[in-house]
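Structure record follows, encoded as structure tokens.
The values are calculated or read from the model by the stated rules, or taken from the named source; none is laboratory data. Computed from a prediction, not measured in an experiment: that's the story for all the values here. Note that each Cβ is placed from the backbone with ideal geometry, even for glycine, and that neighbours are counted across all protein chains shown.
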Amino acid sequence: MMKTFRALSALIQHPGSEMIGALDEIETVLDDEGIAPHGDRVALGLLIADLRSRDIYDLQETWHNLFDRTRSLSLHLFEHVHGDSRDRGQALVDLKTIYEEKGLSPDAKELPDFLPLFLEYLSLLPLDEARCLLGETAHVLTALAERLAKRKSPYQAILRALVAIADAKPDETALAALRAENEPAPDDLAALDAAWEEEAVTFGPQAGCRDEFAAKLRQGRRPAPGVENQIRTARENSAAALHS
């Protein structure tokens with residue numbers, strides 16, 4: 001089991017007291033396993049220092065404004081694949097089944113495509129397989145990191161570390177499409193609402209990655225009503241899982 005993925009899962013979730021209390025252990029896991037490059041671990045250390053130093057309510061508001069209110073920063077992977085298409089519902093059901101085959105049982109209130117949950121799944125896989133699946137999302141993770149960098153958010157360190165761990169070159173065509181998307185200001189509520197109506201961009205396949213999960217990441221992108229109400233409540237038990 002690679003605890004680095006669980007550590008990064010905990011760091012990118014909605015900040016809670018349990019996660020804040022586990023920051024020392026999270027930092028130790030990242031350093032001890034060392035699968036993220038040194039420079040990325042330094043940047044992650046700065047994020048951890050920021051989480052330690054700020055009021056928890058301020059941290060929660062920041063997280064909410066970034067990941068709940070901004071579609072282009074959505075932590076739901078299929079938001080960038082299927083949008084709200086009818087295909088997404090079945091893909092989510094299939095993903096839940098794939099997770100359960102590895103002994104991972106998502107909470108009923110969680111959507112299986114939530115990035116922190118995906119990282120928990122990766123933690124159960126051999127490192128090479130986990131890297132391959134991360135490679136499927138490399139251009140999306142890169143785009144998210146760039147968008148967070150524009151906001152001067154230290155959360156960008158998590159996405160950059162994941163891209164580095166994947167060690168896969170992002171699909172340039174798909175990345176260019178993501179870069180071309182309009183990004184409303186976080187306080188422009190009308191623009192934010194309009195952005196949720198736009199079509200999302202699909203992942204691009206990485207050669208050599210043969211997995212049902214990877215196939216789901218590459219499926220359809222036709223927007224349609226159906227799975228609009230996404231649950232954004234983050235799991236705080238990933239930090240506790242580091243103890244297992």
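Tell me, please, whether a residue that is farther than 23 Å from Leu47 by Cβ and of a type outside the set (Ser, Thr, Tyr) can be found in region 140-147. No; the residues of region 140-147 include none that is farther than 23 Å from Leu47 by Cβ and of a type outside the set (Ser, Thr, Tyr).
Restricting attention to region 17-37, the residues being of a type outside the set (Val, Ile, Thr) and surrounded by 18 or more Cβ atoms within 10 Å (Cβ to Cβ) number 6.
Is it the case that Leu133 is among the aliphatic types (A, V, I, L, M) and in a helix (DSSP H, G or I)? Yes: the conditions hold for Leu133. Among the residues of region 11-48, the ones that are assigned to a helix (DSSP H, G or I), under 19 Å from the mean Cα position of the chain (by Cα), closer than 22 Å to Ala168 by Cα and among the small types (Gly, Ala, Ser) come to 1 in all.
Is it true that some residue in region 90-105 is surrounded by fewer than 21 Cβ atoms within 10 Å (Cβ to Cβ), more than 17 Å from Leu178 (Cβ to Cβ) and in contact with a strand residue (DSSP E or B) (Cβ under 9 Å, 6 or more places away or on another chain)? No, that holds for no residue. Considering only region 141-149, I want to know if a residue exists there that is among the β-branched types (Val, Ile, Thr), within 22 Å of Asp31 (Cα to Cα) and modelled with pLDDT of 90 or more. No, region 141-149 contains no residue that is among the β-branched types (Val, Ile, Thr), within 22 Å of Asp31 (Cα to Cα) and modelled with pLDDT of 90 or more.
Hey, among Ala49, Ala108, Ala36, which residue is closer than 20 Å to Leu148 by Cα, free of Cβ contacts under 8 Å to residues at least 12 places away in the same chain and among the small types (Gly, Ala, Ser)?
Ala49
Among residues of region 53-81 being under 14 Å from Tyr155 (Cβ atoms) and β-branched (Val, Ile, Thr), the one that is surrounded by the most Cβ atoms within 10 Å (Cβ to Cβ) is Thr70. Looking across region 109-124, just one residue is of a type in the set (A, V, I, L, M, F, W, C) and more than 18 Å from Phe78 (Cβ to Cβ), and that is Leu124. Of all residues in region 168-206, those satisfying the criterion of being modelled with pLDDT of 55 or more, loosely packed, with under 13 Cβ neighbours inside 10 Å and part of a loop (DSSP other than H, G, I, E, B) are Asn182, Ala185. Taking the stated definitions as given, is Leu8 within 20 Å of the chain's Cα centre (by Cα), part of a helix (DSSP H, G or I) and loosely packed, with under 15 Cβ neighbours inside 10 Å? Spelling it out, it is not the case that Leu8 is within 20 Å of the chain's Cα centre (by Cα), part of a helix (DSSP H, G or I) and loosely packed, with under 15 Cβ neighbours inside 10 Å.
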